[in-house]
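**Q** First, the structure itself, so that you have it in front of you.
Readers should treat all values here as calculations from the given coordinates under stated rules, not as data from a laboratory. Just so it is clear, the model here is predicted, and its values are computed rather than measured. Because the Cβ atoms are built from the backbone with ideal geometry, glycine has one as well, and the counts that use them run over all protein chains shown.
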Amino acid sequence: MTISRIKFYLSFLLLCLIGMHAYGQVTIAGQVTDERTGESLIGVNVLVKGTVLGTITDVQGNFNLKITSPPPVTLVISFVGFERQEIEIDQAVISNLQVKMTESFMLGQEVVVSASRVEESILQSPVSIEKMDILAVQNTSSDTYYKAIANLKGVDVASSSINFQIINARGFGNTGNTRFVQLIDGMDTQAPALNFPIGNLNGPSELDVESVELIPGASSALYGPSAFNGVLLINSKNAFDYQGASAFVKTGVNHVGSSADQGPALMKEASIRYAKAFNNKFAFKINGSYSKADDWHGTDAADRNADFNPLASVGGENPGADRLHFHGDEAGINLAIFPFSAAFGTIARTTQFENGRFASNYMNAGDLPNHVATITPYKEVDLINYGAENMKVNTGLYYRITDNMELSYLYNAGFGTSIYTGAQRYSLSNFGIQQHRLQLRGDNFFLRAYGTFENSGDSYITEFLAKRVNDLMVGYNFGDYHNGFNPFENQGKGDLTGYLVDYGIEYLRSISDQGYQPGEIAALSEAERLQVQQNAHQYARSTVDDRYIMDPKTGTVVDGEGNTLTFEDVKKEALKGTIPNGPSFADKSAMYHAEGQYDFKNEIDFMELQMGASFRIYDLGSKGTIFPDTVGNEIAIKEYGVYAQAGKRLTDNFKLSGSVRYDKNENFKGQVNPRISGVFTFNKTHNIRASVQTGFRFPTTQGQYINLDVLSSRLLGGLPQFYEQYLPDPENNYYYSGASVNAFRNNIFSGQEISEAATALVRRTDFSPVKPEQVKSIEVGYKSLIQNKLLVDMVYYYNSYSDFITQELVVKAQKDTDGEPNYLTILRSNADNAFSIYTNLDNQVTTHGAALGLTYNLVKGYQIGGNYTWSKFISGYDENVLNDFNTPEHKFNVNFGNRKVTDIFGFNVTYRWQEAFRWESSFARGPVPAYGTLDAQVSLKLDNLRSILKIGGSNVLNNYYIQSLGGPNIGSIYYVSISFDELMN
């Protein structure tokens, strides 16, 4: 074929395409007004059904559309607070279409997409689903829309910071929820190295939120791994549909009536959004927001070791206390171990008391008791960064290739400072997380790819910082006390053990000063002996604190070069170094994800059918500080999944749908997850739903690959390679359960012979690498809109979990030359002999629960509603396993409001209550007290400024409460905000 002929055919094809477009073009111009007032409505969405094409009305309420498809076409007219309309157009040219919209206060009109990944009425969703639309976001009584998610039924929230909340549903909540998925514009917001959502730290501001949808319960059949206890979908505004400028400013105050170290503090937040479309082909948007506040302080002095206070019977303070929000006292030692320490023995033999006796005389006589002593801690406020900041940037570019296809690019980024409570208290200082998304979508398909990139910035572990401060203080002071002798000199600038060594010496000094000969206190009565010991602990504490513990406000210390250092100087020095040599992180992990879905609605009309697939890579980048991902040993984890969903209306009243998904992680066997559901409708408004579905989650990146020295043990991933490296040949080595080793130590320190104490040890010889975790869920529910006034939604569910992922502590005893275990090698734990490794529970775990929601439309736009949630753990744990159900059995919310009492005035009030429950996590175990909070706001519409003034408060009664044990003490926030929006009518 010649070049000229090719040009001819291409020219002919182009002319045909142009002719087709010209022949089929439809042009529509019109105006949208308020039926009641006759006023023009600005920003009304005018969409062409079955395409991606659409526009919005301008400041006069006018719109203009050009459509390449031939008539007839259907316009979908929608605007928040008004009834949705569909108008069929059967003419090629309409120049003055008049659309009158009716304001709506009707319930149950929402359309949702998350329950089935296709649009459907919320009343006929096959599973439980909650939704907040734009009006709910604007009118929330909480101080932010994200915190208002707590008002939805079935939702639990754990706040680690004023700007960091973790959402959960249906039990097993935690401050880092790896059983829950959060998607923002289709992008998974989990931090790649942690595998749990990061709240709203990089999500859209209030100005850019279009809707929030929540599915409580297992959803892996459609959303894949980790969609275990629920899915939260936040959708931002498309630049074509929401154009113009908008801005938001809020100022407030918190810490009202708080503790002495925390007076009232100002808060501030500001956001701006701008979106613009050109010729209905190209559009862009840009959002920026910034918030700053003095964070909630951690002030809980509860003692994790209160049950083991040896002086409790005489009213003495626990020398081994480990208080939640005081750091440094995590390091402790049983004084009875010192006789087994050669280093301590050397010091004891050279330390002479005033009466001529040496410390070793008392040590050898057994005067060091079976008491744990910990280092005096620093307050959290002196160590952690409470300057909560969050700067977010969200941008989007949109291009309509055709009427049926839109290409878009989104960039979401969040930077700032926050606090996270996990196994420890983490100061997330100057962190950053960024996401880039490229998406092609049509009316019946989408293809998207995105990447998530995290940067730990200057983040650090607060407890580790306290340890390093103590390390330095021991290094600065140790030589002065011991005349230059430092048994820890080979460890650089000292070791926190130096504090405890001195504590033991000064404890014995007190016994000597109280006039007792070596061994005499053993003959005293219990009450007398405990009083002597209490006095000795008090003396040792006071003396050693004077030497090593610096007053953070006024204290100074002289370093080895003669420089005078303040506490801030020491802290700055202590912050140097990354884990395990210092408290800072060095994490720049990434996640890459691609997925697509196709809806066969244009090819198949006798049933609904969708199919999709996904592929994901975790690229771990901790530089060997968290994972063994050193240079030349990079770690990338690959996952992929495919799914299909079909639905068919078998009768006018009954729809049956089913889905199945297959997922594979390169380190584990593939997982098949089905779901089947049915919805029966009677009398048009009553809907009964039932579903049986499954969920699963692969072990997290840390559950697979972590290899971290945390001083007292080594945290290990559960893959076979870690078992093979650290737990080799258990038939010929000696490994014992952590609980039994603790019992053995107590026996030894209580004076038992080693052979007798060793009977408490439970040997471990069989280790199973970690496997994926599964859940099977049965759910039945009822949803109805009665007489267009009362919306009723209730549900009951039953969950059964298998292969529950947990961590097990095992301790290794070295072998003697005769092949017997050397029991003395397990008197203390360290990263060489104690391993906390990921594995699974053998027991089946079961839970169930129910929820009821009622909303009633009163006269003139007043609305009252409420919901109640019941959650119950049934069985599956034994007393030796951490039970992290962490969910109150009963909780409820009550809401009353009217967004338009008049054309310019509205209000909203919400009361939330939950009962006390037990919290169990690796950070703390104990009760979370019951609490109730009252949120309220009033709003005033300023028509001339196209703005809304809002005055309100969360927890307006200022009853301080906690949401998790170890979390901050949360008080009231009182605020005033003003929102400007060009789209506002």
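**Q** How many angstrom lie between the Cα centre of region 213-232 and the Cα centre of region 150-204?
**A** Between the Cα centre of region 213-232 and that of region 150-204, the gap is 12 Å.
**Q** Roughly how many nanometres apart are two label points built 7 Å out from the Cα toward the Cβ at ASN355 and ILE754?
**A** Here the answer is 3.2 nm between the modelled labels.
**Q** Could you tally the net charge around ALA321, taking each other residue with its Cβ under 12 Å from the Cβ of ALA321, Lys/Arg +1 and Asp/Glu -1? Can you show the working numbers first?
**A** On the way: positive: ARG304, ARG323, ARG541; negative: ASP303, ASP307, GLU317, ASP322, ASP329, GLU330.
Net local charge, ALA321 excluded: -3.
**Q** Would you mind counting up the charge near PHE907? Only other residues with Cβ under 11 Å from its Cβ, with Lys and Arg at +1 and Asp and Glu at -1. Could the numbers behind the result be given before it?
**A** Details: positive: ARG899, LYS900, LYS950; negative: none.
Result for the neighbourhood of PHE907: +3.
**Q** Amide H to amide H, which residues 5 or more places from ILE635 or on other chains are under 5 Å from it, using H placed in the peptide plane?
**A** Excluding prolines and chain starts, which carry no amide H, the hits are LEU620.
**Q** Follow-up question, since we're still on this one. Step through the residues of region 165-175 one at a time and calculate ³J(HN,Hα) from phi using the Karplus curve (6.51 cos²θ - 1.76 cosθ + 1.60, θ = phi - 60°), rounding each to whole Hz and writing x for Gly and Pro.
**A** With coefficients 6.51, -1.76 and 1.60, one gets 10, 10, 9, 8, 8, 6, x, 6, x, 7, 6 Hz.
**Q** Moving to a separate point now. Please compare each pair in LYS49/LYS789; LYS281/LYS392; LYS684/LYS860; LYS100/LYS285; LYS147/LYS638 to a cut-off of 32 Å on the Cα-Cα distance and tell me which ones are over it.
**A** LYS147/LYS638
**Q** What number, in percent, do you get for the relative contact order of region 522-663 if the mean sequence gap of Cα pairs under 8 Å and at least 6 apart is divided by its residue count? Spell out each step's value before the answer.
**A** Values: 194 pairs, mean separation 20.0, N = 142.
Computed over region 522-663, the figure is 14 percent.
**Q** On to the next question. Using amide H atoms built in the peptide plane, which far-off residues or other-chain residues are under 5 Å from ARG425 H to H?
**A** Under 5 Å from the amide H of ARG425 lie the amide H atoms of THR462, GLU463, each far enough along the sequence or on another chain.
**Q** Obtain the nm distance between the two label points defined at ASN959 and GLU528 by a simple spin-label model: each point lies 7 Å from its Cα along the Cα-to-C-beta direction.
**A** Simple spin-label model gives 5.2 nm for this pair.
**Q** Please report the spacing between the Cα centers of region 775-805 and region 319-383 in Å, no decimals.
**A** Region 775-805 and region 319-383 have Cα centres separated by 56 Å.
**Q** If you plug each phi of region 927-940 into the Karplus form 6.51 cos²θ - 1.76 cosθ + 1.60 with θ = phi - 60°, what whole-Hz ³J(HN,Hα) values come out, in order, with x for Gly and Pro?
**A** x, 9, x, 5, 8, x, 10, 10, 10, 8, 8, 10, 10, 10
**Q** Mark the label point 7 Å from the Cα of GLN98 along Cα→Cβ and return the residues of region 31-62 whose backbone N is within less than 16 Å of it.
**A** 31-41, 61-62
**Q** Around PHE82, which amide H atoms from residues at least 5 apart in sequence, or from another chain, sit under 5 Å from its own amide H, with H modelled in the peptide plane?
**A** Counting only residues 5 or more places away or on other chains, the set is SER104.
**Q** Share of antiparallel DSSP beta bridges in the chain, in percent to the nearest 5? Before the final figure, lay out the partial values.
**A** Values: 310 of 325 bridges.
So the antiparallel bridges in the chain amount to around 95 percent.
**Q** Which lysines have a Cα less than 25 Å from the Cα of LYS553, not counting those fewer than 8 places away in the same chain?
**A** LYS292, LYS379, LYS467, LYS493, LYS571, LYS572, LYS576
**Q** Please give the FRET efficiency for ILE864 paired with SER259, using the beta carbon to beta carbon distance and R0 = 35 Å, rounded to the nearest 0.05. List each step's numbers first, then the result.
**A** Details: r = 37 Å, r/R0 = 1.06.
The value I calculate is 0.40.
**Q** What lysines does LYS872 reach when the alpha-carbon gap must be under 22 Å and sequence neighbours fewer than 8 apart in one chain are set aside?
**A** LYS153, LYS776, LYS891
**Q** Using just the C-alpha positions of region 853-985 as equal point scatterers, what log10 of I(q)/I(0) does the Debye formula give at each q in 0.14, 0.20, 0.21 1/Å?
**A** These q points yield log10 I(q)/I(0) values of -0.80, -1.16, -1.21.
**Q** Kindly provide the helix-only [θ] at 222 nm of the chain, computed as the sum of -39,500 (n - 2.57) over DSSP H runs of four or more divided by all residues, to the nearest 500 deg cm²/dmol? Don't skip to the answer; put the middle values down first.
**A** On the way: 13 runs with 142 residues, N = 985.
Helix contribution divided over all residues of the chain: -4500 deg cm²/dmol.
**Q** Going by the alpha-carbon gyration tensor, a ≥ b ≥ c the square roots of its eigenvalues, is region 202-268 rounded (a/c under 1.5) or, if a/c is not under 1.5, prolate (a/b greater than b/c) versus oblate? Mind dumping the intermediate values first?
**A** Working: a/c = 4.69, a/b = 1.40, b/c = 3.35.
In terms of gyration-tensor shape, oblate.
**Q** For GLU773, what charge total do you get from the other residues with a beta carbon under 10 Å from its beta carbon, if Lys and Arg give +1 and Asp and Glu give -1? Numbers along the way, then the final one.
**A** Working: positive: ARG179, ARG697, LYS771; negative: ASP803.
Result for the neighbourhood of GLU773: +2.
**Q** Continuing with this model, one more query. So what's the projected area for the chain, the Cα convex hull averaged over all directions, in nm²?
**A** On the way: hull surface 190.1 nm².
In nm², the orientation-averaged hull projection of the chain is 47.5.
**Q** Now a separate question. Work out the length of the dipole vector of the chain about its Cα centre, built from +1 on the beta-carbon of each Lys and Arg and -1 on the beta-carbon of each Asp and Glu, and round it to the nearest 20 debye.
**A** 3200
**Q** Per residue of region 694-704, in order, report the coupling 6.51 cos²θ - 1.76 cosθ + 1.60 (Karplus, θ = phi - 60°) as ³J(HN,Hα) in whole Hz, putting x for Gly and Pro.
**A** 10, x, 7, 8, 6, x, 5, 4, 6, x, 9
**Q** FRET efficiency for ALA594 and LYS664, Cβ-Cβ distance as r, R0 = 22 Å, nearest 0.05? Could the numbers behind the result be given before it?
**A** Details: r = 15 Å, r/R0 = 0.69.
Efficiency for this residue pair is about 0.90.
**Q** So if I place +1 on the C-beta of Lys and Arg and -1 on the C-beta of Asp and Glu, and nothing else carries charge, what would the dipole magnitude of region 224-355 be about its Cα centre? I want it in debye, nearest 20. Please list the in-between numbers first.
**A** Numbers: 11 positive and 13 negative charges, 267 e Å.
My answer is approximately 1280 debye.
**Q** Note the full-extension length gain between LYS268 and GLN514 as 0.36 nm times their separation in residues minus their Cα-Cα distance, in nm to one decimal.
**A** Numbers: separation 246, 0.36 × 246 = 88.56 nm, distance 5.81 nm.
82.8 nm is the gain from fully extending LYS268 to GLN514.
**Q** Then there is this: Please work out the C-alpha center-to-center distance from region 59-104 to region 695-762 and express it in whole Å.
**A** Between the Cα centres of region 59-104 and region 695-762 lies a distance of 68 Å.
**Q** Also, quick follow-up: Starting from the Cα of ALA739, step 7 Å along the direction of its Cβ; do the same at PHE340; then give the gap between the two resulting points in nm.
**A** 2.2
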